[in-house]
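All remarks here apply to the structure that follows.
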């Protein structure tokens, strides 16, 4: 494999979130064999669009030394200048993270200059269209992506979306690589539970990440109610569900549902942004990670779970069935089916599937590796 001179564009430490983690880990993988320049944002979102703090300096484990924070996404003069800076670097290709049409005007200006200079453009599409659709999102997406030369998708279901805006797109579908970089202390389950004051013999489920309607937390709460009334009726047998993530102001409706289902003692809610260094204790303490999504393209949460060798239960939506092998690394159930979700959770614990699924995750380590991603981008 011949080494290349590449530019990687996207959010990276100290920006928050899964795309930032992804970009940092991708840089590490690519830079093993290639000369890679990391370019990130001077200003990612204007404050009126993203009112919360966009940066987290508390943990630099994902830091990319030498990152050039150049791009102001709302300043066309800055974007033109950044394009000129990249052209003078004379890269073989530029790799751009894509996940939301907000970036379309910025990337249209940027890629216009790069294409005229003969530089290859590869888009990593975390999702072609946004999870929560809005008017003009398809037109904005087309504006940016039509200038791409190559595309990497993380779910087969994204192919038709891409072809709907660029019918001759050159694409590859590669599974989302595993996030193992959160294992700062290699914490065992007992240590993690001690930190969280959880009984070491308790069964523990985890729902992790931003709480949005499409992520289906309400279905998991309903399933917990079913588990308590139908399956785990003996004293002390009921698993506890940890819900860890930012509710972004819609917490009350979930709390009301918890009260209605009489499962207050079976739920622990940790509301708010979770710093990178705090992620480990929640995943290490869990027996099972549950993603009851109503819709999805793919999910970094599955890959964090795999990084901690934790089995998952997911719904059959988007690309989730492509990364979860049913009854091998976890369980797949139909979306919106609360009874089926409860039954799957019960069988997982009752049939003692944990160690079997952990071995399935270990056996598929290369398929989810960053090295595999780097090799595919070089071809």
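The values are calculated or read from the model by the stated rules, or taken from the named source; none is laboratory data. Quick caveat: nothing in here was measured; it's all calculated off a predicted structure. Don't worry about glycine lacking a Cβ; one is built from the backbone with ideal geometry, like all the others, and counts go over all protein chains shown.
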Residue check for residue 86: surrounded by 18 or more Cβ atoms within 10 Å (Cβ to Cβ), in contact (Cβ under 8 Å) with a residue 60 or more places away in the chain and touching a helix residue (DSSP H, G or I) at 6+ places or on another chain (Cβ under 7 Å) = yes
Answer with yes or no whether residue 159 is outside the structural domain of residue 200 (by TED's automatic domain parsing), assigned to a helix (DSSP H, G or I) and either free of Cβ contacts under 8 Å to residues at least 24 places away in the same chain or surrounded by fewer than 22 Cβ atoms within 10 Å (Cβ to Cβ) (or both).
-> yes
Restricting attention to segment 89-108, which residues are buried (at least 20 other Cβ atoms within 10 Å of the Cβ), in contact with a strand residue (DSSP E or B) (Cβ under 8 Å, 6 or more places away or on another chain) and over 17 Å from residue 152 (Cα atoms)?
-> 91, 106
What pairs can you find where one residue is in segment 226-248 and touching a residue at least 60 places away in the same chain (Cβ under 8 Å), the other is assigned to a helix (DSSP H, G or I) and buried (at least 19 other Cβ atoms within 10 Å of the Cβ), and their Cβ atoms are less than 6 Å apart, with a gap of 6+ or different chains?
-> 226/342; 227/342
Go through 68, 81 for me and flag whichever is surrounded by 13 or more Cβ atoms within 10 Å (Cβ to Cβ), more than 28 Å from the chain's Cα centre (by Cα) and farther than 23 Å from residue 151 by Cα.
-> 81
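Kindly indicate whether residue 211 is closer than 21 Å to residue 280 by Cα, at pLDDT 95 or above and surrounded by 13 or more Cβ atoms within 10 Å (Cβ to Cβ).
Here the answer is no, as residue 211 does not meet what is asked.
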Can you tell me which residue within segment 113-135, out of those that are modelled with pLDDT of 95 or more and out of contact with any helix residue (DSSP H, G or I) (no Cβ under 8 Å at 6 or more places or on another chain), is surrounded by the fewest Cβ atoms within 10 Å (Cβ to Cβ)?
-> 118
Of all residues in segment 324-379, which are in contact with a helix residue (DSSP H, G or I) (Cβ under 8 Å, 6 or more places away or on another chain) and under 30 Å from residue 5 (Cβ atoms)?
-> 366, 368, 370, 371, 372, 373, 374, 377
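Just to check your reading of the model, which residue among 258, 323 is touching a strand residue (DSSP E or B) at 6+ places or on another chain (Cβ under 8 Å) and more than 30 Å from residue 57 (Cα to Cα)? Step through it out loud before you land on a result.
On the way: 323 fails: touching a strand residue (DSSP E or B) at 6+ places or on another chain (Cβ under 8 Å).
Step by step, each of 258, 323 is checked, and only 258 is touching a strand residue (DSSP E or B) at 6+ places or on another chain (Cβ under 8 Å) and more than 30 Å from residue 57 (Cα to Cα).
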Evaluate segment 290-302: report whether one residue or more is touching a residue at least 12 places away in the same chain (Cβ under 8 Å), assigned to a helix (DSSP H, G or I), surrounded by 15 or more Cβ atoms within 10 Å (Cβ to Cβ) and in contact with a strand residue (DSSP E or B) (Cβ under 8 Å, 6 or more places away or on another chain).
-> yes
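Determine which member of the set 142, 88 is within 25 Å of the chain's Cα centre (by Cα), modelled with pLDDT of 95 or more, more than 21 Å from residue 379 (Cβ to Cβ) and not assigned by TED's automatic domain parsing to the domain that holds residue 211.
Details: 88 fails: within 25 Å of the chain's Cα centre (by Cα).
Answer to the check: 142.
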Please note which helices (runs of 4 or more DSSP H) are completely contained in segment 305-379 and include at least 1 residues that are crowded, with 20+ Cβ neighbours inside 10 Å and over 19 Å from the mean Cα position of the chain (by Cα).
-> 338-350, 354-363, 370-378
Does segment 281-292 include one or more residues that are on the phi > 0 side of the Ramachandran plot and assigned by TED's automatic domain parsing to the domain that holds residue 215?
-> no
Failed item, numbered, when residue 234 is tested on (1) touching a helix residue (DSSP H, G or I) at 6+ places or on another chain (Cβ under 7 Å); (2) in the same structural domain as residue 276 (by TED's automatic domain parsing); (3) surrounded by fewer than 18 Cβ atoms within 10 Å (Cβ to Cβ) | (1)
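Output the number of residues of segment 89-106 satisfying the condition of being in a helix (DSSP H, G or I) and in contact (Cβ under 8 Å) with a residue 40 or more places away in the chain. Please lay out each step first, then the result.
Kept after step one, since they are in a helix (DSSP H, G or I), are these residues of segment 89-106: 89, 101-106.
Then keep just the ones that are in contact (Cβ under 8 Å) with a residue 40 or more places away in the chain; that gives 89, 101-104.
Counting residues in segment 89-106 that are in a helix (DSSP H, G or I) and in contact (Cβ under 8 Å) with a residue 40 or more places away in the chain gives 5.
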